[in-house]
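Inspection log for the structure reproduced underneath, given as structure tokens.
The values are calculated or read from the model by the stated rules, or taken from the named source; none is laboratory data. What you see is a predicted model, and the numbers here were worked out from it, not measured in a lab. We place every Cβ from the backbone using ideal geometry, glycine too, and count neighbours over all the protein chains shown. With ligands, DNA and RNA removed, areas are computed over all heavy atoms of the protein, side chains included. Shrake-Rupley method; radii C 1.70, N 1.55, O 1.52, S 1.80 Å.
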Amino acid sequence: MTGPDPSGAISNPPPAPGPVRVGELLRLHPGARIVTVPSGATQILIGQRGTSLGALSPGLTAAMELLATQETGSDELLDVVRSHEGELGMLKIPTLLRRLRAGGWLSATLEVAGAPLLTFRPLGPTVPPVLQHDGDPAELRMSRFAVLRADGTGMVLESPLAHVAAELHDPALAGLLAALPAQRDPRDPAGARTYPVDWPEAVPALLSALARHGFLVPRSGAAEEDFRFAQWSPHELWFHSRTRVGRHDLPYGGTYWAKGFAEPLPSVRPPFDGRSVELPRADLQALRTSDRTLTEVLEDRRSLRLHDSAAPLTAGQLGEFLYRSARNRGRYDDGSQELGDRPYPSGGRAYELEIYPLIHQVDGVAPGLYHYDPEEHRLELVAEPGPALTRLAEMSRATAQMSAPPQVTLLITARFGRVMWKYSSMGYALVLKHVGVLYQVMYSVATAMGLAGCGLGGGDSDAFAAASGVPWESESTVGEFLLGSLGKEGGDGVPA
């Protein structure tokens, strides 16, 4: 029973708050284009992918136009079809929406009380998520592969294991994700969980949606302990997914995105100001008749780590090696940028790789860090011996497990702008492919010349930046190759 209020009237208790409904608004992917072809069929395109929806009825055509221009609910879509085709036309909407969802053409915004919270933007056709959780939403945490980052004026949650991106519209969502798993009220351990948001009743539905797409996993971590996930570090899986087509909706390939924004870098790096050392050139005509066969070189190739300090590498051998491996044979212009031509292949003829010989012991060349000028075939002094060069040499020695510093460490850098100016999403992956083919050419030339060559799997880019003064973000080491005279016992050779 209730008592009288001060005015004498009988008052009723306020109704208990009902569950908060999480609504869904639909819209075509922001990058989608709708095209009607001469046959009358409607095509939908995003970047390099597309599909035909066939000839649409007037009601479905109006529905597509609505989805292309604004976020809309299912009731509005039914109304627009009914206005064109009557009640029976409404039966066509579910089939159209299923096709659009399955093809990855529809973005879905979740809202509470008219306020948008997040939008799931598809990155491709719908596929079952590899990580999925249907249990208690309050026992979840973010997947170790999920990344929350700034994007334009908002935040976006992404994962290489998800085929959607989640755009956050309410800043409280970032705090919610950081606070997972949700905590119980310490004054009532058996009571309801608390959430740092203004709409706590909607949290379970939102968390369940994020879990269905693979962003959240059980806090036990068991879902990510399977070897197929455990083998990946987050940054490596991100790199793999972002430099291939299929799991992102970013521009991809040779888009020339920087044309008109920045001038392309020249195909050959401008020279350094220090003193230079002219190198002997190889007699290619003589080598065509006297050199070892390709089969011999490939079958005899080894990673050789033992150098002969009593008979070190000579300037002539270093010159022949660099001439055969990395000289620039010409410049060309494709109408957009200057291209190069060297003994190894390079995507788009970018030839962004540079070689910096770190010389410890070479007969005829003083120790120091040099840059190889691939056009003039000479060494340009970059830095004299000192602590920074010692750090670089020690890194090479330790990585190769050698007892003494290598005679020469060829530090391979990339002038990133040479590839990034043209390519979108795949530029850095292309750089690493070029490092691999250059390694193979260097191995082959070293084997043919009877020298000890060995590619390394990693190096210290910060040490190179400190030694050379070259900005890390513009040009940085991406590979290291050791070169020296062959040790008297044949070298510490392994077929690596």
Query raised in the report: On the given criteria, is residue 335 open to solvent by 50 Å² or more (accessible area, probe 1.4 Å), outside any helix (DSSP H, G or I) and not hydrophobic (A, V, I, L, M, F, W, C)?
Result: yes
Report task. State whether one or more residues within region 45-55 are within 22 Å of residue 81 (Cβ to Cβ), open to solvent by 50 Å² or more (accessible area, probe 1.4 Å) and in a loop (DSSP other than H, G, I, E, B). Result -> yes
Requested in this report: Would you please name the residue that is surrounded by the fewest Cβ atoms within 10 Å (Cβ to Cβ), looking only at residues in region 91-113 that are more than 33 Å from the chain's Cα centre (by Cα), over 30 Å from residue 201 (Cα atoms) and touching a residue at least 24 places away in the same chain (Cβ under 8 Å)?
Outcome: 92
Requested in this report: Look through 180, 131, 176, 161 and report the one residue that is modelled with pLDDT under 95 and either farther than 20 Å from residue 205 by Cβ or open to solvent by 60 Å² or more (accessible area, probe 1.4 Å) (or both).
Outcome: 161
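Rundown of residues vs (1) in contact with a strand residue (DSSP E or B) (Cβ under 8 Å, 6 or more places away or on another chain); (2) closer than 20 Å to residue 472 by Cα; (3) among the acidic types (Asp, Glu), yes/no style:
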{"site": "389", "(1), (2), (3)": "yes, yes, no"}
{"site": "393", "(1), (2), (3)": "yes, yes, no"}
{"site": "404", "(1), (2), (3)": "yes, no, no"}
{"site": "409", "(1), (2), (3)": "yes, yes, no"}
{"site": "417", "(1), (2), (3)": "no, yes, no"}
{"site": "420", "(1), (2), (3)": "no, yes, no"}
{"site": "427", "(1), (2), (3)": "no, yes, no"}
{"site": "431", "(1), (2), (3)": "yes, yes, no"}
{"site": "435", "(1), (2), (3)": "yes, yes, no"}
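Tell me, which helices (runs of 4 or more DSSP H) lie completely within region 200-244 with 1 or more residues that are within 30 Å of residue 113 (Cβ to Cβ)? I'd like the intermediate steps shown before the answer.
Details: elements: 203-212, 227-230, 234-242.
Once the helices (runs of 4 or more DSSP H) in region 200-244 are filtered for at least 1 residues that are within 30 Å of residue 113 (Cβ to Cβ), what remains is 203-212.
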Report task. Would you check which residues across region 62-99 are in a helix (DSSP H, G or I), over 21 Å from residue 36 (Cβ atoms) and not aliphatic (A, V, I, L, M) and list them? Result -> 74, 75, 76, 79, 82, 87, 94, 98
Report task. Taking the options 243, 295, 255, name whichever one is of a type in the set (Val, Ile, Thr) and at pLDDT 95 or above. Result -> 295
Report task. Of the numbered conditions (1) surrounded by 18 or more Cβ atoms within 10 Å (Cβ to Cβ); (2) over 32 Å from the mean Cα position of the chain (by Cα), residue 384 fails exactly one; give the number of that condition. Result -> (1)
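Out of 322, 358, 298, report the one residue that is assigned to a helix (DSSP H, G or I) and either touching a strand residue (DSSP E or B) at 6+ places or on another chain (Cβ under 6 Å) or within 24 Å of residue 255 (Cα to Cα) (or both).
Values: 358 fails: assigned to a helix (DSSP H, G or I); 298 fails: either touching a strand residue (DSSP E or B) at 6+ places or on another chain (Cβ under 6 Å) or within 24 Å of residue 255 (Cα to Cα) (or both).
Going through 322, 358, 298 in turn, just one is assigned to a helix (DSSP H, G or I) and either touching a strand residue (DSSP E or B) at 6+ places or on another chain (Cβ under 6 Å) or within 24 Å of residue 255 (Cα to Cα) (or both): 322.
Report yes if some residue within region 457-464 is in a helix (DSSP H, G or I) and open to solvent by 20 Å² or more (accessible area, probe 1.4 Å); otherwise report no.
For region 457-464, residues in a helix (DSSP H, G or I) and open to solvent by 20 Å² or more (accessible area, probe 1.4 Å): present.
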Query raised in the report: Checking residue 447 against (1) more than 34 Å from the chain's Cα centre (by Cα); (2) of a type in the set (Val, Ile, Thr); (3) surrounded by fewer than 17 Cβ atoms within 10 Å (Cβ to Cβ), which test does it fail?
Result: (3)
Query raised in the report: Would you say residue 313 is in contact (Cβ under 8 Å) with a residue 60 or more places away in the chain and open to solvent by 30 Å² or more (accessible area, probe 1.4 Å)?
Result: no
Requested in this report: Within region 255-304, work out how many residues are open to solvent by less than 60 Å² (accessible area, probe 1.4 Å) and over 29 Å from residue 347 (Cβ atoms).
Outcome: 5
Query raised in the report: Taking the condition more than 30 Å from residue 336 (Cβ to Cβ), free of Cβ contacts under 8 Å to residues at least 60 places away in the same chain and of a type outside the set (Lys, Arg), does residue 436 pass?
Result: no
Requested in this report: Please go through region 133-179 and pick out each residue that is over 24 Å from the mean Cα position of the chain (by Cα), in a loop (DSSP other than H, G, I, E, B) and not small (Gly, Ala, Ser).
Outcome: 133, 134, 136, 169, 170, 171
Report task. Filter region 115-126 down to the residues that are open to solvent by 60 Å² or more (accessible area, probe 1.4 Å) and in a loop (DSSP other than H, G, I, E, B), then identify the one that is modelled with the lowest pLDDT. Result -> 126
Query raised in the report: Which numbered condition trips up residue 412, out of (1) open to solvent by less than 10 Å² (accessible area, probe 1.4 Å); (2) outside any strand (DSSP E or B); (3) among the β-branched types (Val, Ile, Thr); (4) touching a Ser or Thr at 6+ places or on another chain (Cβ under 8 Å)?
Result: (2)
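Conditions (1) out of contact with any Asp or Glu (no Cβ under 7 Å at 6 or more places or on another chain); (2) at pLDDT 95 or above; (3) within 16 Å of residue 408 (Cβ to Cβ); (4) not acidic (Asp, Glu), marked per residue:
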{"position": "314", "(1), (2), (3), (4)": "no, yes, yes, yes"}
{"position": "321", "(1), (2), (3), (4)": "yes, yes, yes, yes"}
{"position": "344", "(1), (2), (3), (4)": "yes, yes, no, yes"}
{"position": "356", "(1), (2), (3), (4)": "yes, yes, yes, yes"}
{"position": "364", "(1), (2), (3), (4)": "yes, yes, yes, yes"}
{"position": "367", "(1), (2), (3), (4)": "yes, yes, yes, yes"}
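Can you tell me which residue among 369, 353 is under 23 Å from residue 440 (Cβ atoms) and buried (at least 20 other Cβ atoms within 10 Å of the Cβ)?
Numbers: 369 fails: under 23 Å from residue 440 (Cβ atoms).
So the residue among 369, 353 that is under 23 Å from residue 440 (Cβ atoms) and buried (at least 20 other Cβ atoms within 10 Å of the Cβ) is 353.
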